[in-house]
Ligand code: WT7
């Protein structure tokens with residue numbers, strides 16, 4: 001996103017926190033933030049221990065941190081339960097009858113669950129899991145549309161110490177299959193179907209395909225969302241609502257060790273198959289609960305809406321665990337932002353009086369494109385705080401969000417973090433940090449972020465380098481499930497002694513962090529991570545393709561689009577139809593979000609003498625910019641000219 005990087009450099013507008021927000025906020029001034037941050041870096045354990053004491057522990061920890069690089073254990077010896085912290089603890093006071101979830105389905109159906117009701121549903125479901133043989137430590141794969149049952153299923157697992165692995169409902173059968181195999185889950189929780197853009201999404205059918213021929217999965221629990229008929233395989237599939245009749249609503253939360261796994265979430269890396277990012281209970285809960293409270297500034301009567309799906313880390317940390325641990329009312333919406341019309345979000349905000357909106361730059365840019373008339377039609381005066389996550393927000397989109405949605409009144413929390421970090425690490429605080437459009441500003445308490453060069457030396461402000469985190473934090477990933485070596489290699493080998501984020505960034509004169517984007521072979525398409533290797537392997541899975549190289553190119557709405565250079569096998573001719581076939585093949589293999597925007601057939605791929613694909617060149621070709629830089633190691637220069645011509 002070269003354009004954005006440039007506009008970043010010119011950005012000089014500053015938006016100070018308003019007096020009203022500062023007065024009520026946890027941290028009330030920039031000076032206070034700076035003081036607290038400096039103090040927290042001197043003794044992060046002290047800061048995190050204080051935050052941890054806001055949670056309910058069955059047994060207090062003996063030691064805050066055990067750090068043997070690259071392995072951290074937080075709140076060692078402590079015991080707690082994540083679902084108890086999200087539910088039971090709120091039942092003794094007035095929050096008992098407060099809405100925990102206000103859900104709206106895409107067709108317009110609605111449901112509200114109070115904390116008491118959600119607690120009951122979670123207990124019932126936890127008992128259903130037990131009845132179906134699930135034990136503490138077992139992995140449970142959840143593949144669902146965004147319905148309350150998805151949240152209930154996650155919390156139900158947590159309640160009995162089972163480890164959930166949620167797979168985004170937009171992913172393909174093959175993706176489910178891979179994740180089942182990797183996680184060793186023997187039970188799947190799903191739904192008959194969901195709604196997206198007015199269409200029925202056949203969720204259960206995808207599960208059936210994934211399980212065809214498998215004997216590993218013993219049970220599929222199916223929530224009923226629609227009236228469509230689905231295949232129910234006897235001895236394997238059971239309906240959630242029927243199972244509910246056989247169990248009680250009494251299910252005490254099982255205290256687990258602080259380091260007991262809470263979930264595995266798969267995310268794309270620069271090589272090979274997606275990585276199973278493992279998060280554990282205590283540190284993750286402390287990290288998500290604390291960051292949500294400080295950054296979203298929850299007040300008792302807030303209605304908070306995070307528009308992410310539970311299939312992503314944002315859905316885990318800021319739709320389920322963080323806000324519920326704080327007793328917040330969460331809005332949940334199943335469908336597309338432009339269904340039936342491009343004002344669906346604004347309609348929901350006006351109707352439900354949403355006060356906090358947390359969404360992604362890609363959505364904001366789409367709204368910008370659809371025009372100002374849509375938000376203008378609705379009363380958005382209930383909003384008091386906005387959030388952004390997933391990719392750098394370009395200043396143009398930031399300004400639009402600020403003016404058009406926030407009426408110039410709502411601060412925007414541009415939050416930088418990752419599936420691996422579990423919780424937000426770089427973000428403004430609403431009552432403290434002066435904002436500049438396009439930057440996630442400064443690190444959260446206890447977070448030691450830095451920009452370093454290839455040797456790991458910290459760079460002066462103004463220079464671009466690698467974004468690293470130099471101290472462990474509670475919600476950090478503990479490992480890649482089943483692949484320690486990859487864990488060490490990906491995160492702890494690039495820069496000695498530091499966690500490497502994979503992002504490039506720089507700090508401005510005020511020390512603010514400007515994230516430029518991934519510097520590894522990972523794309524960020526509409527805020528979703530996509531490994532180029534993953535897409536390439538899907539492409540060569542098609543009969544016609546011999547070789548493929550996938551790169552990103554700037555995209556006005558999605559941030560990055562996917563361009564695939566494909567070399568065909570002998571006997572296959574390039575054609576529009578074939579390109580379409582390959583695109584659909586990728587959608588089927590991974591999911592529609594991975595579908596290349598463009599296929600470019602090539603006679604060969606540009607490679608270095610050692611055989612490495614020259615991605616930098618391909619990126620320039622894909623973006624249509626003049627090829628610059630060093631091409632001296634290119635094996636066959638004529639390849640380059642042929643590729644460029646293809647793109648004309
Ligand atoms: C990557 C992580 C964290 C939840 C959603 C994505 C990019 C994320 C920002 C931001 C600039 C951002 C980074 C990061 N990213 N938030 N506010 N500004 N870039 O989670 O799929 O794990 O992706 O998203 O490149 O490394 P993810």
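The values are calculated or read from the model by the stated rules, or taken from the named source; none is laboratory data. Only a predicted model underlies this, so the values are computations on that prediction, with no experimental measurement involved. Cβ atoms come from the backbone with ideal geometry, glycine included; neighbour counts cover every protein chain shown.
Residues are listed down the side, and each one gets a yes or a no for (1) within 27 Å of residue 264 (Cβ to Cβ); (2) in contact with a helix residue (DSSP H, G or I) (Cβ under 7 Å, 6 or more places away or on another chain):
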{"site": "402", "(1), (2)": "no, no"}
{"site": "408", "(1), (2)": "no, yes"}
{"site": "414", "(1), (2)": "no, no"}
{"site": "422", "(1), (2)": "yes, yes"}
{"site": "432", "(1), (2)": "no, yes"}
{"site": "439", "(1), (2)": "no, no"}
{"site": "446", "(1), (2)": "yes, yes"}
{"site": "449", "(1), (2)": "yes, no"}
{"site": "456", "(1), (2)": "no, no"}
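Out of curiosity, is residue 235 in contact (Cβ under 8 Å) with a residue 60 or more places away in the chain, in a loop (DSSP other than H, G, I, E, B) and not assigned by TED's automatic domain parsing to the domain that holds residue 386? So residue 235 fails the test. Residue selection: residue 271 fails the criterion of being surrounded by 22 or more Cβ atoms within 10 Å (Cβ to Cβ) and either within 12 Å of the ligand (Cβ to nearest atom) or not in a helix (DSSP H, G or I) (or both).
Residue-by-condition table, conditions (1) within 30 Å of residue 338 (Cα to Cα); (2) in a helix (DSSP H, G or I); (3) over 21 Å from the mean Cα position of the chain (by Cα):
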{"site": "153", "(1), (2), (3)": "yes, yes, no"}
{"site": "158", "(1), (2), (3)": "no, yes, no"}
{"site": "168", "(1), (2), (3)": "yes, no, no"}
{"site": "179", "(1), (2), (3)": "no, yes, no"}
{"site": "182", "(1), (2), (3)": "no, yes, no"}
{"site": "189", "(1), (2), (3)": "yes, no, no"}
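Tell me yes or no: at least one residue of region 368-378 is in contact with a strand residue (DSSP E or B) (Cβ under 6 Å, 6 or more places away or on another chain) and more than 12 Å from the ligand (Cβ to nearest atom). No - not one qualifying residue is present in region 368-378. Within region 523-533, the residues that satisfy the criterion of being surrounded by fewer than 22 Cβ atoms within 10 Å (Cβ to Cβ) and modelled with pLDDT under 90 are 527, 533. Kindly provide the set of residues from region 130-140 that are buried (at least 21 other Cβ atoms within 10 Å of the Cβ) and out of contact with any helix residue (DSSP H, G or I) (no Cβ under 6 Å at 6 or more places or on another chain), ordered by number. Answer for region 130-140, where residues must be buried (at least 21 other Cβ atoms within 10 Å of the Cβ) and out of contact with any helix residue (DSSP H, G or I) (no Cβ under 6 Å at 6 or more places or on another chain): just 134.
Is it true that some residue in region 534-549 is within 16 Å of the ligand (Cβ to nearest atom) and either free of Cβ contacts under 8 Å to residues at least 12 places away in the same chain or surrounded by 16 or more Cβ atoms within 10 Å (Cβ to Cβ) (or both)? Yes - at least one qualifying residue is present in region 534-549.
The residues in region 516-533 that are near the ligand (Cβ under 9 Å from one of its atoms) and more than 19 Å from the chain's Cα centre (by Cα) can be counted, and the count is 0.
Return the residue satisfying two criteria in turn: it lies in region 383-396 and is at pLDDT below 95 and more than 8 Å from the ligand (Cβ to nearest atom), and of such residues it is surrounded by the most Cβ atoms within 10 Å (Cβ to Cβ). So, considering only residues that are at pLDDT below 95 and more than 8 Å from the ligand (Cβ to nearest atom), the one surrounded by the most Cβ atoms within 10 Å (Cβ to Cβ) is 394.
Would you mind stating whether residue 440 is crowded, with 23+ Cβ neighbours inside 10 Å and either in contact (Cβ under 8 Å) with a residue 12 or more places away in the chain or more than 16 Å from residue 514 (Cβ to Cβ) (or both)? Yes. Considered as a group, the residues in region 177-186 that are crowded, with 23+ Cβ neighbours inside 10 Å and in contact with a helix residue (DSSP H, G or I) (Cβ under 8 Å, 6 or more places away or on another chain) include one that is nearest to residue 238 (Cα to Cα), and that residue is 185. Of the strands (runs of 3 or more DSSP E) lying entirely inside region 397-515, not one carries at least 3 residues that are more than 15 Å from the ligand (Cβ to nearest atom).
Within region 469-496, the set of residues being without any contact (Cβ under 8 Å) to a residue 60 or more places away in the chain and under 20 Å from residue 271 (Cβ atoms) comprises 484, 485, 489, 493, 494, 495.
Per the listing 316, 279, 260, the residue uniquely over 13 Å from the mean Cα position of the chain (by Cα), touching a residue at least 12 places away in the same chain (Cβ under 8 Å) and within 16 Å of the ligand (Cβ to nearest atom) is 279.
All conditions but one from (1) closer than 25 Å to residue 161 by Cβ; (2) outside any loop (DSSP other than H, G, I, E, B); (3) touching a strand residue (DSSP E or B) at 6+ places or on another chain (Cβ under 9 Å) apply to residue 289; the one that does not is (3).
When residue 304 is tested against (1) crowded, with 24+ Cβ neighbours inside 10 Å; (2) within 11 Å of the ligand (Cβ to nearest atom); (3) closer than 21 Å to residue 105 by Cα, only condition (2) is not met.
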